[in-house]
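Enquirer: Got a structure for you, questions after.
The values are calculated or read from the model by the stated rules, or taken from the named source; none is laboratory data. What you see is a predicted model; the values in this text were computed from it and never measured. Backbone-built Cβ (ideal geometry, glycine too); neighbour counts: all protein chains shown. Just so you know, the surface numbers come from the protein's heavy atoms only, side chains and all, with ligands and any DNA or RNA stripped out. Shrake-Rupley method; radii C 1.70, N 1.55, O 1.52, S 1.80 Å.
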Amino acid sequence: MIRKTITPRNNWQSAVEKLGFGFHTTNVPYWDESVYYELSMTEVHQIEKATADLWDLCLGAVQHVMDNKLYHLFNIPDWLIPYIEKTWTEDHPAIYGRFDLCVKDGKVKLLEFNADTPTSLYESAIVQWFWLQDFDKSKDQFNSVHEKLVDYWKYLKNYLHPAPLHFTCLKETLEDLTNVEYMRDCAIQAGFETKLIFVDDIGWDEHSRQFMDMEDQPIKNIFKLYPWEWMVTEEFGKNILLDVNRTFWIEPSWKMLLANKAILPILWELYPDHPNLLAAYFDSALLTNYVKKPILGREGANIEIVKEGELLQFTEGEYGKEGYVFQELLELPNFDGKYPMIGSWVVGQEPAGIGIREANSLITDNVSRYVPHLIK
Amino acid sequence: MKKSKYINLVLITAALASCNKPDKEWESANKVYMRSDTTAPYTRAHHSGIGTALLWYYAFRPYGNYRNGSYGRAGYYSRALNERSNIGNNAFKGAVARGGFGRGGYSVSS
């Protein structure tokens, strides 16, 4: 992997805005095309294989958690367990996820899995692809995210209820809405009738026991960019069990297990020394150099990096009350103080492409930048 | 690694185009159920002035929200929306409670 500095397109802001990418800059730059990463085809194949293998490991880990009733490690409420198991045994549709990987010295290692509400989908599928068309059309990218999303929605059409497919996210967040609207775009192209409803506008009809949209039509299939761990603690959470329509929520609730960092020690216990895993435990006693992560954290918050007993780096935040895991420290590759992390997409069970987040420290946080890539 | 060189975006293209012609777009938007509020945040993250896109955003912004811990929703600012969407709280909608999801935060960014 090589980091290359270039001059951004003169009109890059308008170029990305024409694609509907409005959050390219917040108080700090987010989309950064003053640099790109060049990967060899060998590296791409390594990442692709690791992604496919990790997906298989994860499915095995879900079954293991269920067989051994390990839900307490995930801070999952008892009342939800039968529903989670039901969505697993009935194979409720899931469409995507993003593995965060450290690619270094010929190795590909899992840092964590964003299995429920992965973002940066639009940047990965669309924005960096159109950047490449302007920068060097002759080059290729590890990126078939868009094609795979459309294809997988087509495949899922026969598995969903014969009803409109709703899409939901929080209000007032352009990033979340862009991700959701892009996903909806793919579903429309797959032939779905779709509707958008913001998550706090979702209605519950106590009389008929149905979730309702803004036209008071029942919601029977819904793609949500809203985490299960938030949903189940909210007022309507338990209504999911009462819902007469048995609505398909996508991603399904069994993804809660994979989105939770408690899955990392489970994976290590099941597959010790697997080449794509780092040692991980529920306590730090067995590790000298490690990263302490909250099981339900987001965007690099509440992370501590400990090396030789010393606190090397840490971030603050509001997570951690549900517990922590401890993962062997593998420092991201250092390109003159810039640290890239690979987000590798799995769409419909298959590796689909990557996006790269670059940070100024070992912790990839909410001010890290999205940078494009190409294949050498 | 790319299966095709051509990427089509039907909804997002339509949403962006609608910013320039909201009335016409609304009249013909039923096929993709592109509610006007869906187009709202397709605006720049930071505005240096109020342009068409920003006006569009405010026009179709839903005006229900959490206040003092409880959810209240009255409808949408725009009259261009489907009337049933814009009715707000009334007897017809009395059986449906809203606001039971969505207190989780500002973004789910991962």
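Enquirer: Based on this model, can you work out whether A:Gln46 counts as touching a His at 6+ places or on another chain (Cβ under 7 Å) and open to solvent by 20 Å² or more (accessible area, probe 1.4 Å)?
Expert: no
Enquirer: I'd like to verify a number: residues in the range A:3-23 that are free of Cβ contacts under 8 Å to residues at least 12 places away in the same chain and crowded, with 18+ Cβ neighbours inside 10 Å, how many?
Expert: Here the count works out to 1.
Enquirer: Hey, does the range A:29-41 have a residue that's assigned to a helix (DSSP H, G or I), farther than 17 Å from A:Val347 by Cα and assigned by TED's automatic domain parsing to the domain that holds A:Gln133?
Expert: Looking for residues that are assigned to a helix (DSSP H, G or I), farther than 17 Å from A:Val347 by Cα and assigned by TED's automatic domain parsing to the domain that holds A:Gln133, one finds at least one in the range A:29-41, hence yes.
Enquirer: Evaluate the range A:291-305: report whether one residue or more is free of Cβ contacts under 8 Å to residues at least 60 places away in the same chain, within 14 Å of chain B (Cβ to nearest Cβ) and of a type outside the set (Gly, Ala, Ser).
Expert: yes
Enquirer: Looking only at the range A:339-366, filter to residues that are within 11 Å of chain B (Cβ to nearest Cβ) and not in a strand (DSSP E or B); which one of those is surrounded by the most Cβ atoms within 10 Å (Cβ to Cβ)?
Expert: Looking at the filtered set, the residue picked out is A:Thr364.
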